[in-house]
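Novice: Here it is, the structure, as structure tokens.
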Amino acid sequence: MALIFKTDIERGGAWRAAFAKQLPDVELRLWPEVGAAEEIEYAVVWQPPAGFLASLPNLKAVFSIGAGIDHLLADPELPRGVPIIRMVEPGLTVGMTQFVVMACLMLHRSMIDYRNQQVAHHWEEISQEPPENRRIGIIGLGHLGGEAAKALRGFGFPVSGWSRSRKQIEGVTSYAGEEELSDFLARTDILVSLLPLTPQTEDMIDAKLLSGLPKGASFVSAGRGRQVVEEDLLAALDSGQLSGAVLDVFREEPLPKDSRFWDHPRVIVLPHVASMTNPATAVGSIVENIRRIQRGEAPLHQVDLEKGY
Ligand code: GLV
């Protein structure tokens, strides 16, 4: 029995050590050293080449190394009968909570203005709003969004979330479905996107959606770049409809050198680093699921291919 592991990031060593400790009965193979394909029962992957997973005849589960699974759905030969499992692990969750809190606090505490003042050698106090006056809305209120929402509540912000189905999170107002989107936007001063990329969310953050926010609202983008119509976002920033944006994901990554986002005075650009899976804690989640599958139980966090996340 073997597990194939493929990542683009040079962290194979940390994963190997964690697997050896927590899964000693399964042989770990690091891609591209695939060996005998029929021995491989589990694949833990980021951006596998198209057709690779289909070439493993005895695959029992595919684990995404990241929270998103769009890198798997991009493979036209993805084996549809094999469970696909999203990465839900404490390290990734903590990292995303930190990122969302950091970005919201930067926007709340006028850090974009202070950065611009520093560049201009300009000293001026900007008045501080109490957190009660800054309503944060998380679009994509899944596991990561829910944890970030709870942390933001701790700072005293009114927090709501929008998702396809209604969620129960103490202290967080849950808006659900297309018909409640405009009410959600109308009460959101900082919009945080943690949406999964699906045909429904592609291009969803466009001029119409942004115009539903109160004038001067701001935006944190940490889902996927293809959800955002970048020209519409730039127009909203230029017109003052949006007062600022913290952007971690882009339609094209790395962000092209000539993108207007780089030098936009109301934008903070990050190179898709909001949160990273931590091998030390992620292997525990993967092993738990492998044990469940070995016992004949349903794995946790299995992707619903109909919904796309
Ligand atoms: C990163 O973007 C991830 O999907 O975890």
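Novice: Determine the distance separating the Cα centre of region 206-222 from the Cα centre of region 176-192; give it in Å without decimals.
Specialist: 10 Å
Novice: Another question, then. What fraction, in whole percent, of alpha-carbon pairs in the chain exceed 30 Å separation? Kindly include the intermediate steps, with their values, before the conclusion.
Specialist: Working: 17885 of 47586 pairs.
Roughly 38 percent, rounded to a whole number.
Novice: Near Lys167, which aspartates and glutamates are there with a Cα under 19 Å away, not counting those fewer than 8 places off in the same chain?
Specialist: Cross-link targets: Glu147, Glu178, Glu179, Glu180, Asp183, Asp304.
Novice: With 10 angstrom as the radius, rank Tyr114, Tyr309, Tyr42 by how many other C-beta atoms surround their C-beta, starting from the fewest.
Specialist: Details: Tyr114 15, Tyr309 19, Tyr42 26.
Lowest to highest Cβ neighbour count: Tyr114, Tyr309, Tyr42.
Novice: Percent antiparallel among DSSP beta bridges with both residues in region 157-309, to the nearest 5?
Specialist: Percent antiparallel among DSSP bridges in region 157-309 is about 5.
Novice: Can you give me the Cα centroid spacing of region 1-42 and region 142-159 in angstrom?
Specialist: For region 1-42 versus region 142-159, the Cα centre distance is 35 Å.
Novice: If you take every DSSP beta bridge fully contained in the chain, what fraction is antiparallel? Give it as a percent rounded to 5. It would help to have the intermediate numbers written out before the result.
Specialist: Details: 2 of 43 bridges.
Roughly 5 percent of the beta bridges in the chain run antiparallel, per DSSP.
Novice: Here's something else I'd like to know. Would you kindly state how much longer the chain becomes between Met1 and Glu125 on full extension, computed as 0.36 nm times their sequence separation minus their alpha carbon distance, in nm to one decimal? Mind showing how you got there, number by number?
Specialist: On the way: separation 124, 0.36 × 124 = 44.64 nm, distance 6.32 nm.
Here the segment from Met1 to Glu125 would lengthen by 38.3 nm.
Novice: Right, another one. Each residue of region 123-134 in turn: what ³J(HN,Hα) in whole Hz from Karplus with 6.51, -1.76, 1.60 and θ = phi - 60°, glycine and Pro shown as x?
Specialist: My calculation for region 123-134 gives 10, 7, 7, 10, 5, 9, 8, x, x, 4, 8, 10 Hz in order.
Novice: In addition: Along its three principal axes, how long is region 91-269 when you only count alpha carbons? Whole Å, largest extent first please.
Specialist: Computed over region 91-269, the largest-to-smallest principal extents equal 47, 35, 34 Å.
Novice: Let me know the shape class of region 1-91, please: from the alpha-carbon gyration tensor, a ≥ b ≥ c as square roots of the eigenvalues, rounded when a/c is under 1.5, otherwise prolate if a/b is greater than b/c, or oblate.
Specialist: Here region 1-91 falls in the oblate category.
Bear in mind that the values in this text are calculations on the coordinates, not laboratory data. Because the structure is predicted, anything quoted here is derived from the model rather than measured. Because the Cβ atoms are built from the backbone with ideal geometry, glycine has one as well, and the counts that use them run over all protein chains shown.
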